[in-house]
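Everything on this sheet refers to the single structure shown next.
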Amino acid sequence: MPPIIDIENLGLDAGGHLLVKHGLLAVPPGGELRVVGNSAGWDAQLSAWCRNQGHPVRLSEQDGRTVAYITSGAAQTGRWRGAMHTGHADAKLADAVAEQAQTNWGLAARGATVEAGSPAMNFRLNQKIDVWADSAADLYAQAVAAQWNPDEAIDWSTPFGLPDVVEDAVVQVLTYMIENEEAALIVPARFLGQLHPHFREVQAVLAIQVADEARHIEVFTRRLRMKGREPALSTAGGQASLKTLLDEPDFSVAGFLLSVLGEGTFVSLLNFLHAHAPDPVTRQIARLAARDEARHVAFGMAHLMSRIKQEPEFLTRLANAVQSRNDALSGTSGLNEEVFDALILLAAGEFTPKAIASGYVRVQQLMLDMAEGRQARLEKLGFAREVSQRLSSLHTRNFM
């Protein structure tokens, strides 16, 4: 005897269909469900609903009441009519990630049953190997926990005064850092709109990186203007270097050049500023920004290690990208000379011959630390030591 539900005085157009739909969940394809009701016209409404949902239905009289016999549609494998596609690599695995995201999954949550006829959405980055990092979810969770509010994390009211020449040096370095952080914001933002939402952990990481960079630009600008200054010099060579990052179309190559090489080098620069900045506000900003940038580097490394593990020959493509970028920038001036001089002055602490000599040595050590850091990351990715040394030496003189 098929199961029966009584919708009583509830009309199908007033929510009765929910009771019927729930009842059908317990009925296998081809099985029957009996429905009775009392509201006016319920049987006609039910017949129309069943036709729309793909369930055959017949009506008969039984003990003076109309009884609807609904056959669960044989093609009804999901909860929704026409549901034919799932967003799983393996529907038996919870939250499984596909090797390739399908266009007809669109914006649906991963694992959702997607109704047939949903519009195709062409996200260029739809291959797992091109974007994935197993640690993406953990890195996002770390980033969320480490977010900081500039108004609370930085003591902007701390009194300090610097000689004009020192304040000018701070402004020049921050001017340089702002344009570099703009590039570090735009690159992930550009790929974010091309990434299939199926890879939501990577989507979240890129989104929070964009937020990090926006915050860095804000605090660098606030510090720059604290003493009434305007931004200083931006050079053609610096802009040309950053443009190569914006022009790179490949997600992995762009992440390699930006995060592994550029932002990795910037972590060294920020740590240097934390150690040698002449005022407490700049030191606080440098410390907080360095912590954020280290996470960006971690994601870039995790993604590339995942890709290289599956595609070892990709190392050659990365090496070629470094060489091509070096060739493209061979006619440019490299690091803004004003920035280099400003770093020496900040490391010196005062404007005397002895102090300047000391500052120069510290900046040379910074350059060495940057090169050794790049080399270590390159070796971790799988490059031989000699190749890592050569590629590190080819990295843009503009640091980023």
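The values are calculated or read from the model by the stated rules, or taken from the named source; none is laboratory data. Keep in mind that what you see is a predicted model, and the values were worked out from it rather than measured. As a convention, Cβ positions derive from the backbone with ideal geometry for all residues, glycine included, and neighbour counts pool all protein chains shown.
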Checklist entry - Does the stretch 107-115 include one or more residues that are modelled with pLDDT of 95 or more and of a type in the set (D, E, K, R)? => result no
Item to check | Which listed residue, of A342, A298, is closer than 16 Å to R377 by Cβ and either in contact with a helix residue (DSSP H, G or I) (Cβ under 7 Å, 6 or more places away or on another chain) or outside the structural domain of A137 (by TED's automatic domain parsing) (or both) | outcome: A298
Checklist entry - Identify, please: which residue in the stretch 189-210 is assigned to a helix (DSSP H, G or I) and free of Cβ contacts under 8 Å to residues at least 24 places away in the same chain and is, among those, surrounded by the most Cβ atoms within 10 Å (Cβ to Cβ)? => result L206
Checklist outcome for this item: Of the residues in the stretch 328-356, those that are of a type outside the set (D, E), under 16 Å from Q239 (Cβ atoms) and part of a helix (DSSP H, G or I) number 2
Checklist entry - Which ones in the stretch 278-297 are surrounded by fewer than 19 Cβ atoms within 10 Å (Cβ to Cβ), within 24 Å of the chain's Cα centre (by Cα) and in contact (Cβ under 8 Å) with a residue 40 or more places away in the chain? => result R291
Checklist entry - Only one of (1) at pLDDT below 85; (2) over 30 Å from E311 (Cβ atoms); (3) in a loop (DSSP other than H, G, I, E, B) fails for L93. Which number is that? => result (2)
Checklist entry - Only one of these conditions is not met by A120: (1) touching a Ser or Thr at 6+ places or on another chain (Cβ under 7 Å); (2) at pLDDT 95 or above; (3) small (G, A, S). Which number is it? => result (2)
Checklist entry - Among R325, R377, R390, R307, which is assigned to a helix (DSSP H, G or I), within 16 Å of F266 (Cα to Cα) and at pLDDT 95 or above? => result R377
Checklist entry - Which residues, taken from the stretch 218-237, are modelled with pLDDT under 95 and either under 17 Å from S157 (Cα atoms) or outside any loop (DSSP other than H, G, I, E, B) (or both)? => result A236, G237
Checklist entry - Looking only at the stretch 112-135, which residues are surrounded by 15 or more Cβ atoms within 10 Å (Cβ to Cβ), farther than 17 Å from L192 by Cα and under 20 Å from the mean Cα position of the chain (by Cα)? => result S135
